[in-house]
Amino acid sequence: MSNIVEMSNLNHVYMLGTPFETAALKDVNLTIGEGEFLGLIGHTGSGKSTLIQHINGLLKPTSGKIIVKGMDLTEKGTDMRKIREKVGLIFQYPEHQLFEETVFKDVAFGPKNLGLPEDKIEKRVEEALLTVGIDYETTKDRSPFELSGGQMRRVAIAGVLAMHPEILILDEPTAGLDPGGRKEILGQIQGLRKKYRLTIILVSHSMEDIAKLADRIAVMHKGRILFAGTPNEIYTKVDLLREIGLDIPKITELMIKLNNNGKKVRADIFTVEDAEREILRLLRGNANV
C-alpha cells in the first residue's frame, strides 16, 4: 500500500513571536496509506483539529513537511486548489456550513466552483445525495434548514462527496447526535469507504466509534503522536491510555476482566455484538465439557 499522506517533523505554532505563542503540533511524523481508515484520537487541545487542517492546506506548518498525493504543501507554487479537490474536510457540526436556499444548490456549490458543466453537476449532486441516503427528487428543492439535524448533516457530507475527493476527513462527525443518529452517520461512513475506496481519517474522542471502524489508530497528546497501531495494539496499552485521560471501550474492559478472572475469552473485542458471540461461544464450550 503506497502512502497518500506523509508528514515529517511537522510543527505548528499559533501566534508565533507573541506573548500568546502556543505550540499546537510538535515534531509530528505520520504516514497514511492509500485506502486506509485512520482513527485519530486524543483529548480536546491535543492537536487533532490542527493536524487535519494541514492535510488540505488550510493551515501551513511552522516547520517540517507534509506531502499529499505526491505534492509538497510546503513548497511555493503548489496548486492548493488541486489539493482541496483531492481532500474533503468535514468539520464538527457540518450542518453549520449549509448556506444555500435549496439542498441542490448547497450540494452543487463545490462542483460549480470546479467549473463543471450543468449536466455533470446535476449527476454529481444526485449521486452524492443518494449515497448518503437522501432522496434526490423529494429533497433537492427543499431548504436544507427544513430538514432534521441528522438529514442536514448528511446533506453537508453530500456537498463534500460531490467534489469526488480521494481523502475524506471527518472531525467528530457524530457530535451532538442521539444514538440513532450516531449509528446512522457511522454506517454511512462505512458505506462510503466501500463504495468509493476512499482514504478516511476519522477524528473522534469516542473509543468505541474508532475501534469499530479504523484499520489503524493514532493517539495524540499535547501536540504529539504518542503511538500508532491497530486497535488491538492500541487497546493493550490500557494504563498508558488512562494516564493521558483516555479509556478503552467499556466492552473491551469487560472482556479483559473476564479474561483476567480465568474465563477464556478474547480480549480484543470492541463491540457488544462481538462480545455476545464470544460469550455464547464460551458458554457453549462449557456446556459441552
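Read-outs: derived from the displayed coordinates by stated rules, not from any lab. Quantities reported herein were computed from a predicted structural model and do not represent experimental measurements. Because the Cβ atoms are built from the backbone with ideal geometry, glycine has one as well, and the counts that use them run over all protein chains shown.
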Checklist entry - In degrees between 0 and 90, to the nearest 10, how far off the longest principal axis of the chain does helix 103-113 point, with axes built from Cα atoms? => result 70 degrees
Checklist outcome for this item: For LEU282, LEU147, ascending order of other Cβ atoms within 10 Å (fewest first) is LEU282, LEU147
Checklist entry - Can you give the angle from 0 to 90° between the axis of helix 149-161 and the longest principal axis of the chain, with both taken from C-alpha atoms, to the nearest 10? => result 70 degrees
Checklist outcome for this item: What one gets for region 249-289 as the Kirkwood radius, inverse of mean 1/r over different Cα pairs in Å, is 10.1 Å
Checklist outcome for this item: Per DSSP, the loop-located trypsin sites (Lys or Arg not before Pro) within region 1-107 having at most 14 other beta carbons within 10 Å are LYS76
Checklist entry - region 197-216 to region 1-61: how many Å between their Cα centroids? => result 17 Å
Checklist entry - So between LEU240 and GLU75, what do we pick up on full extension, going 0.36 nm a residue minus the alpha carbon distance? => result 55.7 nm
Checklist entry - Suppose R0 equals 22 Å; then what is the FRET efficiency for GLU100 and ARG197 from their Cβ-Cβ distance, rounded to the nearest 0.05? => result 0.15
Item to check | Flagged links, alpha-carbon separation over 27 Å, of LYS120/LYS140; LYS140/LYS212; LYS76/LYS222; LYS120/LYS195 | outcome: LYS140/LYS212; LYS76/LYS222
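Work out, step by step, the length gained on full extension between THR230 and LYS264: first 0.36 nm times the residue separation, then minus their alpha carbon distance; give nm to one decimal. Write down the numbers at each step before the final one.
Details: separation 34, 0.36 × 34 = 12.24 nm, distance 2.23 nm.
Using 0.36 nm per residue and subtracting the Cα-Cα distance, I get 10.0 nm.
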Checklist entry - Helix 250-260: angle to the longest alpha-carbon principal axis of the chain, degrees 0 to 90, nearest 10? => result 30 degrees
Next on the checklist: Expected output is a single nm value to one decimal: the length gained when fully extending between ASN11 and GLU146, i.e. 0.36 nm times separation in residues minus the C-alpha distance. What is it?
Outcome noted: 44.4 nm
Next on the checklist: Using the basic label-point model (7 angstrom from Cα toward the beta carbon), what is the PHE20 to ASP274 distance in nanometres?
Outcome noted: 4.4 nm
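Can you sort SER206, SER2 by how many other beta carbons sit within 10 Å, fewest first? All intermediate terms of the calculation are to be shown ahead of the outcome.
Details: SER206 17, SER2 8.
Ordered by Cβ neighbours within 10 Å, fewest first: SER2, SER206.
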